[in-house]
Amino acid sequence: MIRDNFKVLVIDLSTRKGDVVKMEGRNTEAGGSGLAAKLFQKYGHTDKPWDDPLQPLIFTIGPLTGYFPLMSKTVYAFKSPYHNQYTESHAGGRSALSLRFADYDGIVITGKASSPSCIYVGSRHLEVKDVHYLWGTDIQTSGKVLRKMFKGAGHRSILRIGPAGENRSAMACVNVDTYRHFGRLGGGGAMGAKNLKAVVIQGDVSFASPPDKRYPKLFQEVYKLLTSTEMMSKYHNLGTAGNVAVLNDLKALPWRNLKQTSDAEVTGITGEKFAEDALLRNVACSGCPVGCIHIGFVREKFMEENHYLYRQVSYDHEPIFATGSMLGVTSNFDVLGIIDAVEKMGLDVMSAGGALAWATEAFEKGMITESDTLIPLAFGDSEAYKVAVRHLGMGTNEFYRALGLGTLQAAKRYGGEDFACVLGQEMAGYATGEVFFTSQSLGFRHSHLDAAGYSYDQRKNERDTGKVVEFLIRDEQERVFLTSMVACLFARGVYTKELLAECLRSVGYVELAGNIESVSNNIQKLRWQVRLKTGFDPSKVRIPKRFYEVKNWHGPIDKDFFDELRRRYQEAILRLAQEDIIP
Amino acid sequence: MTYYILVHLLYLVQQARVCYIIKLNYELLKGIPVEILTAPRMERCIGCHSCSLACARLVHKRLSWDEAGIRIHTSGGLSTGFEAKTCLACNPAPCAAVCPTGAFSQRKGGGVVVRKRLCIRCGECAKACPVDAVYLDPSQEPFVCIHCGRCVSFCPHDCLEMVASPGGQVNEGVEKEVKNDTG
């Protein structure tokens with residue numbers, strides 16, 4: 001609903017009651033990322049640990065959610081089990097439209113449930129339900145039960161955690177509607193610490209369409225841009241999986257714990273190969289006609305005489321890199337098998353893949369043994385990885401529990417910090433060079449989507465650190481406005497600042513439309529201020545030696561340039577966070 | 001050629017009749033088949049809800065995935081694929097038969113003509129529909145497909161199609177009042 005204030009549902013799991021709160025700030029924090037930071041300022045505790053029951057879990061949408069195509073994402077903000085600092089994770093599925101049609105701009109969850117519980121929320125409904133019988137179930141099983149328990153098939157979103165989240169793993173994700181995830185930095189563990197197995201959001205109310213006659217016309221224009229032009233074809237054709245071959249050709253695809261950046265065996269795991277053999281169909285997030293979610297399948301013979309079962313598994317570039325090239329697995333169906341195992345446990349696939357790649361090298365070097373890993377690990381052995389993924393999710397022994405806290409944490413204890421491929425968290429699938437390594441290691445979410453560092457490495461060979469830092473800060477600012485709307489970042493080429501202003505005006509947010517530059521600048525500062533207050537010190541971010549050993553199409557990493565770039569970006573972040581928010 | 005252009009223009013006028021009560025001279029549409037909305041390729045559906053959102057936005061002036069003549073659901077999870085809940089153009093239409101006020105009346109070629117101003121929110125239409133195609137909002141206001149076809153172009157995978165009504169009905173060449181006042 002179009003309104004100048006925010007309508008936020010604050011749920012206390014300890015009392016199992018909720019409170020509807022109205023907050024000012026539409027014209028200053030906008031929604032999404034901005035609203036989440038504002039809500040953390042109000043409900044978060046910078047001085048308390050991530051698993052303190054008082055810490056909030058925050059879900060927010062933006063002013064354009066549901067009103068325009070690809071405004072289809074939700075921001076999940078929390079204090080992370082991974083680094084005990086404030087962070088965000090983003091996901092689509094049906095979460096954003098469900099929240100829109102539940103008529104909330106945000107949901108804040110505080111307290112801790114006395115027993116495993118599920119929140120069921122709609123526009124006229126709030127229930128905190130005991131679901132102790134779901135504790136211990138994997139993502140697939142809990143999904144099936146929850147779908148039967150609550151009505152609204154197709155017009156609801158089911159967020160749930162698996163065993164990894166229940167075990168408070170810092171690598172646990174929150175699964176969203178089976179094929180999407182609040183993946184990174186342990187959002188699943190933050191839910192598990194609250195005894196919260198699931199959140200079901202039912203989108204069950206409707207609103208009057210904006211009265212401005214420009215609105216339907218503008219919608220049509222934006223829709224056409226997003227569906228009729230070539231701009232989005234890479235996302236619905238091969239999908240991001242198309243990057244696998246491209247990066248391998250560039251010698252920029254991390255292989256075998258980043259010991260290599262290219263391998264001829266890539267042919268078994270390219271986007272083209274997946275499309276040819278394993279692609280069942282595409283699906284979309286609600287409100288997005290692009291359909292970038294690629295669904296493959298695993299088929300297992302579970303009994304003699306040709307008894308098979310099959311499961312559907314979504315894939316993208318990142319999961320293929322994390323469970324394929326990074327682990328030396330070169331068959332597309334083996335990759336899907338590992339992704340499937342990761343999904344069941346409710347782990348973040350990039351973190352799990354990165355962690356097991358380090359564990360494999362540590363195993364090779366004799367730093368850890370089978371008594372730690374419980375199964376011999378070797379690059380390419382997909383069956384062993386499926387078993388290891390289960391141990392990682394379940395936290396079976398001390399080694400896997402340590403690894404679940406983050407690869408660097410485990411490396412500090414067992415050795416092998418030099419080859420822990422961690423850039424703030426386990427690396428994303430781009431060995432493109434100094435700009436990307438800087439961007440992920442120091443970026444707000446430690447995500448490849450914080451800024452287009454990987455793309456900058458590919459497009460330019462800029463050695464002027466000042467110019468690169470300017471780009472990273474500027475790009476982050478533009479993205480933070482998009483994630484405050486909350487747009488899918490795949491649409492960033494379509495939603496220019498001018499188009500966003502038109503969209504906001506057409507639905508009635510005239511003041512916000514006129515101040516995009518200053519609002520995005522303020523939100524960027526606000527997010528950094530909150531992050532720094534929870535303990536982030538950019539000068540303490542260390543880069544493992546392995547990253548300095550990378551060789552790609554540019555040649556070897558330029559250590560001096562890399563270190564200078566990191567230093568200047570650290571300074572820029574600190575400067576930004578110290579600037580006043582300008583009203 | 002002029003004839004075809006004229007027919008096409010009148011067809012567009014016919015498609016855009018929603019929310020207006022206007023008088024048209026249908027003489028030139030004489031013989032043109034009456035069409036109905038069908039969803040013959042739902043196995044292609046990606047679940048984007050663009051059709052529902054378009055219907056709500058353009059026909060009913062709403063932001064909604066419920067208050068629309070076509071609604072997309074799963075059969076219990078995204079892995080099962082999607083189904084469209086929409087009017088199958090019954091002829092005779094049981095929803096029209098039970099409507100006590102004439103708010104729903106039989107549409108030529110199947111489905112119903114809706115006159116919202118006559119609706120008393122009794123909800124009988126939704127009960128009578130064999131395929132759950134009539135959505136009742138919390139005030140019992142009914143939403144059903146009027147076979148205008150405005151959702152079709154918003155489907156990115158061509159799941160939807162306007163086809164000639166199975167009975168082969170054609171437009172009559174008489175002046176008539178168009179009363180699909182669904183807004």
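The values are calculated or read from the model by the stated rules, or taken from the named source; none is laboratory data. Everything numeric in this text was worked out from a predicted model, so none of it was measured. We place every Cβ from the backbone using ideal geometry, glycine too, and count neighbours over all the protein chains shown.
Pairs meeting the criteria (first residue in segment A:415-438 and among the polar types (S, T, N, Q), second residue assigned to a strand (DSSP E or B), beta carbons under 8 Å, at least 6 apart or on different chains) are A:Thr432/A:Asn552.
Taking segment A:41-73 only, how many residues are among the hydroxyl-bearing types (Ser, Thr, Tyr) and closer than 25 Å to A:Pro216 by Cβ? Show your work before the answer.
Of all residues in segment A:41-73, those among the hydroxyl-bearing types (Ser, Thr, Tyr) come to A:43, A:46, A:60, A:65, A:67, A:72.
Still in the list and also closer than 25 Å to A:Pro216 by Cβ: A:65, A:67, A:72.
Counting residues in segment A:41-73 that are among the hydroxyl-bearing types (Ser, Thr, Tyr) and closer than 25 Å to A:Pro216 by Cβ gives 3.
Filter segment A:285-296 down to residues that are at the interface with another protein chain (Cβ under 10 Å from one of its Cβ atoms) and farther than 13 Å from A:Thr178 by Cβ and give me whichever is farthest from the chain's Cα centre (by Cα). Even if it seems obvious, please write down each step before you answer.
Here is the first cut: in segment A:285-296, the ones at the interface with another protein chain (Cβ under 10 Å from one of its Cβ atoms) are A:285-293, A:295.
Imposing the further condition that a residue be farther than 13 Å from A:Thr178 by Cβ reduces the set to A:286-292.
Numbers: A:Ser286: 17, A:Gly287: 19, A:Cys288: 18, A:Pro289: 21, A:Val290: 19, A:Gly291: 18, A:Cys292: 15 Å.
Applying the filter and picking the extreme gives A:Pro289.
Here's the yes/no breakdown for (1) away from every other protein chain (no Cβ under 14 Å); (2) touching a residue at least 12 places away in the same chain (Cβ under 8 Å); (3) within 24 Å of A:Cys288 (Cα to Cα):
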| position | (1), (2), (3) |
| --- | --- |
| A:Lys7 | yes, yes, no |
| A:Ile11 | yes, yes, no |
| A:Gly25 | yes, yes, no |
| A:Gly31 | yes, yes, yes |
| A:Phe40 | yes, yes, no |
| A:Gln55 | yes, yes, no |
| A:Phe68 | no, yes, yes |
| A:Lys79 | yes, yes, no |
| A:Gln85 | yes, yes, no |
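Candidates A:Leu57, A:Leu64: the one that is closer than 19 Å to A:Arg3 by Cα and hydrophobic (A, V, I, L, M, F, W, C) is A:Leu64. Might you check whether a residue that is in a helix (DSSP H, G or I) and within 13 Å of another protein chain (Cβ to nearest Cβ) occurs anywhere in segment A:186-200? Checking segment A:186-200: not a single residue is in a helix (DSSP H, G or I) and within 13 Å of another protein chain (Cβ to nearest Cβ).
Cβ-Cβ distances below 9 Å connect the following pairs, each with a first residue in segment B:138-162 that is at positive phi and away from chain A (no Cβ under 12 Å), a second residue that is in a loop (DSSP other than H, G, I, E, B) and of a type in the set (Lys, Arg), and a separation of six or more residues or different chains: B:Gln140/B:Arg121; B:His147/B:Arg107.
Hey, among A:Glu434, A:Glu511, A:Glu462, which residue is surrounded by 22 or more Cβ atoms within 10 Å (Cβ to Cβ) and either at pLDDT below 95 or touching an Asp or Glu at 6+ places or on another chain (Cβ under 9 Å) (or both)? Spell out how you get there, then give the answer.
Values: A:Glu511 fails: surrounded by 22 or more Cβ atoms within 10 Å (Cβ to Cβ); A:Glu462 fails: surrounded by 22 or more Cβ atoms within 10 Å (Cβ to Cβ).
It is A:Glu434.
Taking (1) in contact (Cβ under 8 Å) with a residue 40 or more places away in the chain; (2) within 14 Å of chain B (Cβ to nearest Cβ); (3) not hydrophobic (A, V, I, L, M, F, W, C) in turn, A:Pro163 satisfies each apart from (2).
Mind checking whether some residue in segment A:330-341 is outside any helix (DSSP H, G or I) and either within 14 Å of another protein chain (Cβ to nearest Cβ) or out of contact with any Cys (no Cβ under 9 Å at 6 or more places or on another chain) (or both)?
yes
Let's see how each residue does on (1) crowded, with 19+ Cβ neighbours inside 10 Å; (2) within 17 Å of the chain's Cα centre (by Cα); (3) not assigned by TED's automatic domain parsing to the domain that holds A:Val128:
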| residue | (1), (2), (3) |
| --- | --- |
| A:Ile11 | yes, no, no |
| A:Gly31 | yes, no, no |
| A:Tyr43 | no, no, no |
| A:Lys73 | yes, yes, no |
| A:Ile107 | yes, no, no |
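Let's see how each residue does on (1) away from chain B (no Cβ under 14 Å); (2) surrounded by fewer than 22 Cβ atoms within 10 Å (Cβ to Cβ); (3) not in a loop (DSSP other than H, G, I, E, B):
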site	(1), (2), (3)
A:Leu97	no, no, yes
A:Arg100	no, no, yes
A:Tyr104	yes, no, no
A:Lys112	yes, yes, no
A:Lys129	yes, yes, yes
A:Gln140	no, yes, yes
A:Val145	no, yes, yes
A:Gly152	no, yes, no
A:Ile158	no, no, yes
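Being in contact (Cβ under 8 Å) with a residue 60 or more places away in the chain, of a type outside the set (Gly, Ala, Ser), within 14 Å of chain B (Cβ to nearest Cβ) and closer than 30 Å to B:Arg62 by Cα, is that true of even one residue in segment A:235-249? Checking segment A:235-249: at least one residue is in contact (Cβ under 8 Å) with a residue 60 or more places away in the chain, of a type outside the set (Gly, Ala, Ser), within 14 Å of chain B (Cβ to nearest Cβ) and closer than 30 Å to B:Arg62 by Cα. Restricting attention to segment A:204-213, does a residue exist that is of a type in the set (Lys, Arg) and not in a loop (DSSP other than H, G, I, E, B)? Taking every residue of segment A:204-213 in turn, none turns out to be of a type in the set (Lys, Arg) and not in a loop (DSSP other than H, G, I, E, B). Just so you know, in segment B:143-183 the residues that are farther than 16 Å from B:Leu53 by Cα and polar (S, T, N, Q) include one that is modelled with the lowest pLDDT, and it is B:Asn180.
Does any residue of segment A:300-310 turn out to be surrounded by 22 or more Cβ atoms within 10 Å (Cβ to Cβ) and either within 24 Å of A:Arg401 (Cβ to Cβ) or more than 25 Å from the chain's Cα centre (by Cα) (or both)?
Keep residues of segment A:300-310 that are surrounded by 22 or more Cβ atoms within 10 Å (Cβ to Cβ), which gives none.
So far as segment A:300-310 goes, no, none of its residues is surrounded by 22 or more Cβ atoms within 10 Å (Cβ to Cβ) and either within 24 Å of A:Arg401 (Cβ to Cβ) or more than 25 Å from the chain's Cα centre (by Cα) (or both).
Among the residues of segment A:544-558, count how many are surrounded by 18 or more Cβ atoms within 10 Å (Cβ to Cβ) and out of contact with any Lys or Arg (no Cβ under 6 Å at 6 or more places or on another chain). Residues meeting the conditions: 5. Scanning segment B:67-86 for residues that are in a loop (DSSP other than H, G, I, E, B) and surrounded by 23 or more Cβ atoms within 10 Å (Cβ to Cβ), we see that the one that is farthest from the other protein chains (Cβ to nearest Cβ) is B:Gly69. Close contacts from segment A:122-151, counting a first residue that is assigned by TED's automatic domain parsing to the domain that holds A:Asp103 and a second that is part of a helix (DSSP H, G or I) and hydroxyl-bearing (Ser, Thr, Tyr), with Cβ to Cβ under 6 Å and a gap of 6+ residues or different chains, come to A:Leu134/A:Ser142.
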